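What follows is a short report on a single structure.
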Amino acid sequence: MESEGETGGKSMKSQGGQVCQICGDNVGTTVDGEKFIACDVCAFPVCRPCYEYERKDGNQSCPQCKTKYKRHKGSPPIHGDKEEEGDADDGASDFHYSTENQNEKQKIAERMLSWHMTYGRGEDIGAPNYDKEVSHNHIPLLTNGQEVSGELSAASPERLSMASPGAGGGGKRVHPLPYATDVNQSPNIRVVDPVREFGSPGLGNVAWKERVDGWKMKQEKNVVPMTTSHAPSEGRGAGDIDASTDVLVDDSLLNDEARQPLSRKVSIPSSRINPYRMVIVLRLIILSIFLHYRLTNPVPNAYALWLISVICEIWFAISWILDQFPKWLPVNRETYLDRLALRYDREGEPSQLAAVDIFVSTVDPLKEPPIVTANTVLSILAVDYPVDKVSCYVSDDGAAMLTFEALSETSEFARKWVPFCKKYSIEPRAPEWYFTQKIDYLKDKVQPSFVKDRRAMKREYEEFKVRVNGLVAKAQKVPEEGWIMQDGTPWPGNNTRDHPGMIQVFLGQSGGLDSEGNELPRLVYVSREKRPGFQHHKKAGAMNALVRVSAVLTNGPFMLNLDCDHYINNSKALREAMCFLMDPNLGKYVCYVQFPQRFDGIDRNDRYANRNTVFFDINLRGLDGIQGPVYVGTGCVFNRTALYGYEPPLKPKHKKPGMFSSCCGGSRKKSSKSSKKGSDKKKSGKHVDPTVPIFNLEDIEEGVEGAGFDDEKSLLMSQMSLEKRFGQSAVFVASTLMENGGVPQSATPETLLKEAIHVISCGYEDKSEWGSEIGWIYGSVTEDILTGFKMHARGWRSIYCMPQRPAFKGSAPINLSDRLNQVLRWALGSVEILLSRHCPIWYGYGGRLKWLERFAYINTTIYPITAIPLLMYCTLPAVCLLTGKFIIPQISNFASIWFISLFLSIFATGILEMRWSGVGIDEWWRNEQFWVIGGVSSHLFAVFQGLLKVLAGIDTNFTVTSKASDEDGDFTELYLFKWTTLLIPPTTLLIINLVGVVAGISYAINSGYQSWGPLFGKLFFAFWVIVHLYPFLKGLMGRQNRTPLIPLPLE
């Protein structure tokens, strides 16, 4: 390092010669022709490129005097520039920054909303004044139909308030910081204060020069700094977007904690994954040789049995390939919550974390107990996230007054529960599970008042449970005149199939305060309109209604959906998801972050594989290494943009894709926005497959901006095209243009609430693309698989997040009949997808879906078909034992080697899979057993019901899975026998195989020693079936070792 005097002398000398002290180039001149002076304090000579780089990617300060650089005329604005610096020329910038784009979108949204309010559908609503602040004093209450207030007034006005449209009080909207969701935004734009985030006030000249040189080289190669380095994608020819493990940035920047990636992808150690892959390849070879032997060696005296067995074995081989190879690239992920806090949630500053709208769906409060739903809502309201960024929407698709009243009680109890949770940082924050957990609750609790407060809170919760259970008892018998509310008016949802839309805001920013005077998150009750003659699409339709309501009222850029029985077990779950969704490099390519499902209340042995550990800990981790896990229906944080049917931005290609990339997915080019405006080539690189829609945000902006804001005809055409896609709501359409969320500043709460009622009306989705290309996709009872598949087909990737403490926990049906009915519904949904136009076997080949990801989706849809060959294969042992024939001819010693090798490879695959995944052998074995039990019962029925529905139009209504808690203890529900037709096939298989075993052994005893040899193969086959069906047999037998009760006469 040079001394201060030497540096000063050198500075003056270089200044005279106008030579940059960083790169050695000429300093140059300003746009006015004067000598360019970067620093007004010390006039340290720096050329314009070095100055621009330092402002955008460096310390934003002079290397010599450490004074923060001011924005010069012609320089592009960056985050942190003050509005009063009016001497800068915004128009001179050729760069597109997220702040500019966001302001532009705000103008578009405001203009379209203004035009609509003045000339459009909403003639009864006065045109809003865009200059006035939104008043928070008068907030309308629950609304339904076209009246703003009055029809639902069960709660007092003091308690119910509408959430404010802005993010802050007094009508002033706090804009969330951009986090690279714009397709044109450079991922290198910082959303933190660089002066505050650096440990030292500046970097040395040498280091700075190296950084600038590297930056210039990247600019010449058209590579954006701080982007992720990727290998060619398997399915699209462009780079595969994933976690920032290889970032094109210098070590000097990575040393700063706030600028490092928010997550990291961790590969499985090669010592564990490589043997696993080798065994998979070896098993594939052995399987090929085994099938060749089986095909070339028929059994003449049992030809029919041999043919059936070979067909079944070929199908099993295909099914195994589709299931096994998507697990080829399993990964783990790490998140850095401290870096997220440094970047977006610094202490003492307004939080810049993105807003999240949380959806809770419920239908029947008698099958989904209100106390369970209340616990889920309470865990949401107490989540560790800024309260002004959290909004909870509860969908009551049964329009039950019980749910409404229980939610009203929940909102009151939340005022005491939420401050208790945050004061003592307790986990979990669902009171039922917190108070029943068998742990030392005094651990890590140092406050002397904790024990006293905990006892008081437990009493409060017990009283709350008594009130809610009292409501449930009252609701068991419906009055003849229907339910009457507290003010004497009839409950609008008395007819569950014909009622208006209802919205009630229980808690909000300016109306809901807890017992300590702090704000609470929003809590909104929503029941969409239902009328006879309309198709409501069950859960998928309810979720789409919540998407629209939340977009109108709060419009958080991210959404979390939970089943009513899935509470937040880890209060930092939202922050875990934000480590991916708000990552500047990765976030804009992620459609959703899926968390694994974990369950409470399952018996210790998990008899019916309710935990489904193999799927959640093996299959989904394997998919995470390809294009991401499938969507499993709950515990998933969505990017709102992806749900709207948009495509993710394409990475600029740096080299010509190879033949393999072109064959797998094809290449797609996308020109920049500036070149697209005056060119006919803007869509030349898009595929022409009509089955994969492309909605790009740039196209929407261009349609609005093309002829200028003064052209009302063009604005009308843009409005019409957007409303054709999203429905007839200018407020909702305007919300779709705000990538970073928020609602228009001009809209009043009354307008928003009235528009929210409109977007949940029955006919809103008519002639729009809801359910076909936008939102949750219709056409299957398992709308989750279909919705995720559409996103992946457009090129989005998903993330699998497995925090050490499970993010969410729910309940599962531990009763055999309930479990089989649940599996039946899942399998029926897969069959519906298989027989639809969205079947992954033929859908979306012009898109950007990777091949291994497609394999996984194909396996997800065809697995119920395996029930037919499985049923036949499980019947063969009994037939062989009863007839004395066998499916395999007399084999030689050499042929027996392949049989033994196949069994060993199967066991080796399972053992190595358990080794890298951490799944226990008991869990793996339970999964194998229930694969057979579910396959010969639920999957079999699903195939025939699906065929009846598609071919004959006979629809089958699924029943809501009971979510009652085990209040009696000792897993009473586990031993309860409920008869269902699903029990017939596995019961029949058990009986005939047991009869076959008895008959075979009896025949061998009577026939002598020579008949025992051929019998062993048949007995092994039969015992394989019986052992797999053993949990089913235990379920039929019920509870064992119970003490008999002998009734005694009293007289």
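If you go through segment 345-358 and keep only what is crowded, with 24+ Cβ neighbours inside 10 Å and either under 30 Å from Val478 (Cα atoms) or among the charged types (D, E, K, R) (or both), you end up with just Asp357.
Per the listing Leu876, Leu882, the residue uniquely assigned to a helix (DSSP H, G or I), open to solvent by 30 Å² or more (accessible area, probe 1.4 Å) and in the same structural domain as Asn993 (by the TED database) is Leu882. Of all the listed residues (Glu334, Glu313), the sole one being acidic (Asp, Glu), within 30 Å of Lys572 (Cβ to Cβ) and open to solvent by 10 Å² or more (accessible area, probe 1.4 Å) is Glu334.
Of the numbered conditions (1) part of a loop (DSSP other than H, G, I, E, B); (2) surrounded by 15 or more Cβ atoms within 10 Å (Cβ to Cβ); (3) at pLDDT below 75, Phe977 satisfies every one except a single condition; which is it? Of everything listed in (1) part of a loop (DSSP other than H, G, I, E, B); (2) surrounded by 15 or more Cβ atoms within 10 Å (Cβ to Cβ); (3) at pLDDT below 75, Phe977 misses just condition (2). Looking at Phe899, Phe903, Phe855, just one residue is in a helix (DSSP H, G or I) and without any contact (Cβ under 8 Å) to a residue 24 or more places away in the chain, and that residue is Phe903. Scanning segment 525-542 for residues that are touching a Ser or Thr at 6+ places or on another chain (Cβ under 7 Å) and open to solvent by less than 20 Å² (accessible area, probe 1.4 Å) yields Val526, Ala542.
Let's see how each residue does on (1) over 27 Å from Ala812 (Cβ atoms); (2) of a type in the set (Asp, Glu); (3) modelled with pLDDT of 90 or more:
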{"site": "Gln597", "(1), (2), (3)": "no, no, yes"}
{"site": "Ile602", "(1), (2), (3)": "no, no, no"}
{"site": "Asn612", "(1), (2), (3)": "no, no, no"}
{"site": "Ile618", "(1), (2), (3)": "no, no, yes"}
{"site": "Ile626", "(1), (2), (3)": "yes, no, yes"}
{"site": "Pro649", "(1), (2), (3)": "yes, no, no"}
{"site": "Gly665", "(1), (2), (3)": "yes, no, no"}
{"site": "Gly678", "(1), (2), (3)": "yes, no, no"}
{"site": "Lys683", "(1), (2), (3)": "yes, no, no"}
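The condition of being buried (at least 24 other Cβ atoms within 10 Å of the Cβ), aliphatic (A, V, I, L, M), part of a loop (DSSP other than H, G, I, E, B) and touching a residue at least 24 places away in the same chain (Cβ under 8 Å) holds for only one of Ala545, Ala551, Ala609, Ala577, that being Ala609.
Right, Ala456: in the same structural domain as Ser571 (by the TED database) and more than 17 Å from Ala382 (Cβ to Cβ) or not? Lay out the reasoning, then the answer.
Numbers: in the same structural domain as Ser571 (by the TED database): yes; more than 17 Å from Ala382 (Cβ to Cβ): no.
The answer is no for Ala456.
For segment 522-566, filtering for residues that are of a type in the set (Gly, Ala, Ser) and more than 15 Å from Glu755 (Cα to Cα) leaves 5. Among all residues of segment 467-483, there is none that is open to solvent by less than 30 Å² (accessible area, probe 1.4 Å) and charged (D, E, K, R).
Screening Gly625 on (1) of a type in the set (Gly, Ala, Ser); (2) on the phi > 0 side of the Ramachandran plot; (3) open to solvent by 10 Å² or more (accessible area, probe 1.4 Å) shows it passes everything except condition (2). Residues that are of a type outside the set (Asp, Glu) and touching a Lys or Arg at 6+ places or on another chain (Cβ under 7 Å) within segment 309-331 comprise Val310, Trp328, Pro330, Val331, listed in sequence order. The residues of segment 390-403 that are open to solvent by less than 10 Å² (accessible area, probe 1.4 Å) and either on the phi > 0 side of the Ramachandran plot or of a type outside the set (Phe, Trp, Tyr) (or both), listed by number, are Val390, Ser391, Cys392, Val394, Ser395, Asp396, Ala399. Against the condition among the aromatic types (Phe, Trp, Tyr) and surrounded by fewer than 18 Cβ atoms within 10 Å (Cβ to Cβ), how does Phe450 come out, does it pass? When the stated conditions are applied, Phe450 passes them.
Taken over segment 766-819, the criterion of being free of Cβ contacts under 8 Å to residues at least 60 places away in the same chain and more than 15 Å from Arg837 (Cα to Cα) is satisfied by Asp766, Lys767, Ser768, Gln804.
The values are calculated or read from the model by the stated rules, or taken from the named source; none is laboratory data. Predicted model only: the values in this text are computed from it and were never measured. Virtual Cβ from ideal backbone geometry, glycine too; neighbours counted across all protein chains shown. Surface accessibility is based on the protein's heavy atoms, side chains included, excluding ligands, DNA and RNA. Shrake-Rupley method; radii C 1.70, N 1.55, O 1.52, S 1.80 Å.
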